[in-house]
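Below: the structure, in structure tokens.
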Amino acid sequence: MQMKLIQESKAILVQNLHLTNEDAIAVISKAIKKELTIRKTTLELLEISTLSERTSFVRAVVKHVKDQVMENPEWRSNQVERYIEKFYQTLHKIMNPDPER
């Protein structure tokens, strides 16, 4: 699950905020690990948790990613909010797949 989260969401950071693949992977991985540690949980447990818990997790990960992007002057741009929203939408879709598909 973590690899899917990283692989599918890193493109937004790479294409729009000009992070390298390696930087995007590092930023996303760090954010996921940080939030899992804070919540004392695993991705496996999140997969079977409620929609609200998964959504809360995604929002927290996105905030950690945004904070890391804003701390680095090379990545910061006036478009960060827009692309962070796209990043959120991508993560949300991965964590909350449509059950009808």
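The values are calculated or read from the model by the stated rules, or taken from the named source; none is laboratory data. Only a predicted model underlies this, so the values are computations on that prediction, with no experimental measurement involved. Cβ atoms come from the backbone with ideal geometry, glycine included; neighbour counts cover every protein chain shown.
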Per-region count, the range 61-101, residues polar (S, T, N, Q) and more than 16 Å from the chain's Cα centre (by Cα): 4
With respect to ILE48, determine if the residue is out of contact with any His (no Cβ under 8 Å at 6 or more places or on another chain), among the aliphatic types (A, V, I, L, M) and modelled with pLDDT of 95 or more. no
Within the range 3-12, identify whether any single residue is modelled with pLDDT under 90 and over 12 Å from the mean Cα position of the chain (by Cα), and answer yes or no. no
Considering the range 32-41, residues that are surrounded by 14 or more Cβ atoms within 10 Å (Cβ to Cβ) and of a type in the set (A, V, I, L, M), and then whichever is nearest to PHE87 (Cα to Cα), we arrive at ILE32
Identity of the residue in the range 42-56, surrounded by fewer than 11 Cβ atoms within 10 Å (Cβ to Cβ) and farther than 18 Å from GLN89 by Cα, that ends up farthest from the chain's Cα centre (by Cα): ILE48
